[in-house]
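Novice: The following block contains the structure, expressed as C-alpha cells.
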Amino acid sequence: MTGVLSGIRVLDFGRYIAGPYCAALLAEHGAEVIRIEKREGSEDRFVSPVGADGVGALFLQMNRNKRSMTLDPMTPEGQEIVRRLVGTADVVVANLPPPTLKAMRLDYDSLAAVKPDVILTTSSAYGDGGPYAERVGFDGVGQAMSGAVYMTGEPDQPYRAWVPWVDFGTALHCAFGTLAALMARRETGKGQKVEGALLATAVTFTNAMLIEQAVIEANRVPTGNRGQTAAPVDLFRTRDGWIICQVVGEPLFRRWARLMSEPHWLDDPRFKDDLARGGHGGMISERMQRWCGGRDTAEALDILGREKIPAAKVLTPQEVLEDPQVRAMGFFEPLDYPGLRRAAPVAKAPVWLSATPGGIRHRAPMLGEHTDAVMAELGYAPQAIAALRRKGII
C-alpha cells in the first residue's frame, strides 16, 4: 500500500535530528525524500560511527526511506540545481540558521519565487526573533533554558537528559506543522513557512512546572529521581537491579499502602493527597525501598503488576533490545547497510494507522547514492553530470 503522503516530494537539507527526523516521519508515510549533503558527507552522517564507511548510528535512524545526493549549493551551478530541485518539490526541510538559509537561497521568499506553493519547514535554536535569534544551539541548550536541567539531578549537581528529547520534540512538532500546511495548501493552493524552535519545544514540555511557578511561586528544587507532586515516584534498588515505580492518584496510593501493610497511612493527614504525599516523598520512598530491597526485580515487578501499580525494570541498552515486549511489538526494523557487522535495529515511527499504515521501506542511503538518478530526473545529461562532478559541484 502506498502511504498517505505518496506523491509528495521533500528536499531534506536538514542536519542531525530536528530536520532529518521530521523528514523521516514524512517519508515513513509515503513521501519521497531526497537528502542533500555536502560532497564529503555532512557532519551528522558520522555521529556514533558503526559502519565501515564511518556511517553513524544516528544517521541510520534519521535517514531511512530517503534518497541521497551530494551538492555544493554555494556555487552558481549548485544554486541552479537547487532551483531545479525546488521546482519539483512540495516541501523543503532545513533546520539551518536564517542567515545560512538566505545564503543558500533556501529562505521562504527565494523558494516561493521558484515555486509559489512550496512549503518551507525550518527550525532554529531560539526562533527567528528576540535577542538570541542569531545564536546557534543544540538540544542541550533547550534543556538547560527550560528549567528541566535545573530540576534534574541533585541540588548541587544538575544533569541534562542523555536522550535529546528537545530535538525529537521539535521534529515531531515540525512534522505536525508540515502536515497542517499540506492540508491548508490542498484548500488554498498556497504554500507557507512552518517554523519550530528548540527553546519553544523545551518550554512547552516543561510548561506545567512553569505555570506552577508563575501562579504560586513553588520555587521547587531538584530531588534526584524522586517525584515532588506524588509519591512514591522514584527509582528503587532490588536485590539484583533497579526498578521505577510511579504511584499517582488516590486509587493507586490505596493499593500501594495496603501492599506495603501500611493501611493506616490512608488516614494520615500527611498523605491526604498527591501533593501532600509528594511533600513527604522521602519518607514514602524509604518505605518502598525497604520493600524492594528484600526482593528480586522479577518478583517485585510481578507483585506490582498484579496490583496494577505502574512499575518497570531499569534496562540497559542491551536489555532493551532483548525485552520481550519490545520484540513482540516489533518496534524495530532490522536494516542492513553496506559494511555493518549486523543489521541495524531502526525504530519505526511509533504511531500506528489502522487503515493507512506507514513503514520503513529501505535503509538509509550511502553518500551520494542517488545523485546521478536525481540529476537525470532534473534533465541533466550524463555528460553534464560528469562535468559537474569533475568541478566539485556534485
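Novice: Residues that are surrounded by fewer than 22 Cβ atoms within 10 Å (Cβ to Cβ) and modelled with pLDDT of 95 or more: which helices (runs of 4 or more DSSP H) entirely in region 66-162 hold 1 or more of them?
Specialist: On the way: elements: 76-87, 98-103, 108-114, 139-145, 148-151.
Filter on region 66-162 gives 76-87, 108-114, 139-145, 148-151.
Novice: Looking at (1) polar (S, T, N, Q); (2) surrounded by fewer than 19 Cβ atoms within 10 Å (Cβ to Cβ); (3) more than 30 Å from V166 (Cα to Cα), can you tell me which one T238 breaks?
Specialist: (2)
Novice: Go through region 342-351 and give me each residue that's touching a residue at least 40 places away in the same chain (Cβ under 8 Å) and of a type in the set (D, E, K, R).
Specialist: Our first condition is that a residue be touching a residue at least 40 places away in the same chain (Cβ under 8 Å); within region 342-351, this holds for 344, 346-349.
Correct list: K348 only.
Novice: Looking at (1) in the same structural domain as L111 (by TED's automatic domain parsing); (2) at pLDDT 95 or above, which one does V247 not meet, given that it meets all the others?
Specialist: (1)
Novice: Can you say whether G368 is over 25 Å from G51 (Cα atoms), modelled with pLDDT of 95 or more and in a loop (DSSP other than H, G, I, E, B), as far as the supplied structure shows?
Specialist: In short, no.
Novice: Does region 327-338 include one or more residues that are surrounded by 12 or more Cβ atoms within 10 Å (Cβ to Cβ) and over 30 Å from A298 (Cβ atoms)?
Specialist: First, the residues of region 327-338 that are surrounded by 12 or more Cβ atoms within 10 Å (Cβ to Cβ): 329, 331-333, 335, 337.
The next check asks that each one be over 30 Å from A298 (Cβ atoms); those that pass are 335, 337.
Within region 327-338, one or more residues are surrounded by 12 or more Cβ atoms within 10 Å (Cβ to Cβ) and over 30 Å from A298 (Cβ atoms).
Novice: Give the number of residues within region 1-40 that are within 16 Å of L120 (Cα to Cα) and basic (K, R).
Specialist: Looking only at that region, the number is 3.
Novice: Let me ask something additional. Go over the candidates A343, A349 one by one and state the one that is in contact with a Leu (Cβ under 7 Å, 6 or more places away or on another chain), crowded, with 16+ Cβ neighbours inside 10 Å and either over 23 Å from W242 (Cβ atoms) or not assigned by TED's automatic domain parsing to the domain that holds H29 (or both). Can you show your working first?
Specialist: Details: A343 fails: crowded, with 16+ Cβ neighbours inside 10 Å.
When all the criteria are applied, what remains is A349.
Novice: Mind telling me which of the residues L199, L210 ends up being in a helix (DSSP H, G or I) and under 30 Å from I119 (Cβ atoms)? Full working, then the answer.
Specialist: Details: L210 fails: under 30 Å from I119 (Cβ atoms).
Exactly one residue qualifies, and that residue is L199.
Novice: What is the residue count in region 1-57 for residues that are of a type in the set (D, E), outside any loop (DSSP other than H, G, I, E, B) and touching a residue at least 60 places away in the same chain (Cβ under 8 Å)? Before the answer, list the steps.
Specialist: In the first step, residues of region 1-57 are kept if they are of a type in the set (D, E); the result is 12, 28, 32, 37, 40, 43-44, 53.
Going one step further and asking which of them are outside any loop (DSSP other than H, G, I, E, B), we end up with 12, 28, 32, 37, 43-44.
Now narrow it down to the ones that are touching a residue at least 60 places away in the same chain (Cβ under 8 Å): 12, 28, 37.
Total meeting the criteria: 3.
Novice: Okay, moving on. Quick one: would you say A349 is touching a helix residue (DSSP H, G or I) at 6+ places or on another chain (Cβ under 6 Å) and not in a strand (DSSP E or B)? Talk me through it step by step, then tell me what you get.
Specialist: Numbers: touching a helix residue (DSSP H, G or I) at 6+ places or on another chain (Cβ under 6 Å): yes; not in a strand (DSSP E or B): yes.
Considered against the rule, which asks whether it is touching a helix residue (DSSP H, G or I) at 6+ places or on another chain (Cβ under 6 Å) and not in a strand (DSSP E or B), A349 comes out as yes.
Novice: Look through T100, T122 and report the one residue that is more than 30 Å from P345 (Cα to Cα) and among the hydroxyl-bearing types (S, T, Y).
Specialist: Numbers: T122 fails: more than 30 Å from P345 (Cα to Cα).
Residue meeting the stated conditions: T100.
Novice: P263 fails exactly one of the following numbered conditions: (1) over 33 Å from the mean Cα position of the chain (by Cα); (2) surrounded by 12 or more Cβ atoms within 10 Å (Cβ to Cβ); (3) free of Cβ contacts under 8 Å to residues at least 40 places away in the same chain. What is the number of that condition?
Specialist: Unmet for P263, out of (1) over 33 Å from the mean Cα position of the chain (by Cα); (2) surrounded by 12 or more Cβ atoms within 10 Å (Cβ to Cβ); (3) free of Cβ contacts under 8 Å to residues at least 40 places away in the same chain: (2).
Novice: Which residues, counting only those in region 1-33, are more than 16 Å from the chain's Cα centre (by Cα) and surrounded by fewer than 23 Cβ atoms within 10 Å (Cβ to Cβ)?
Specialist: Of everything in region 1-33, those that are more than 16 Å from the chain's Cα centre (by Cα) and surrounded by fewer than 23 Cβ atoms within 10 Å (Cβ to Cβ) turn out to be M1, T2, G3, V4, S6, G7, I8, R9, H29, G30, E32.
Novice: Could you list all residues from region 230-258 that are out of contact with any Phe, Trp or Tyr (no Cβ under 8 Å at 6 or more places or on another chain) and either over 26 Å from D302 (Cα atoms) or in a helix (DSSP H, G or I) (or both)?
Specialist: Answer for region 230-258, where residues must be out of contact with any Phe, Trp or Tyr (no Cβ under 8 Å at 6 or more places or on another chain) and either over 26 Å from D302 (Cα atoms) or in a helix (DSSP H, G or I) (or both): E250, P251, L252, R254, R255, W256, R258.
The values are calculated or read from the model by the stated rules, or taken from the named source; none is laboratory data. The structure presented is a predicted model; accordingly, all values stated were derived computationally and were not measured. Neighbour counts are summed over all protein chains in view; Cβ atoms, including those assigned to glycine, are modelled from backbone coordinates with ideal geometry.
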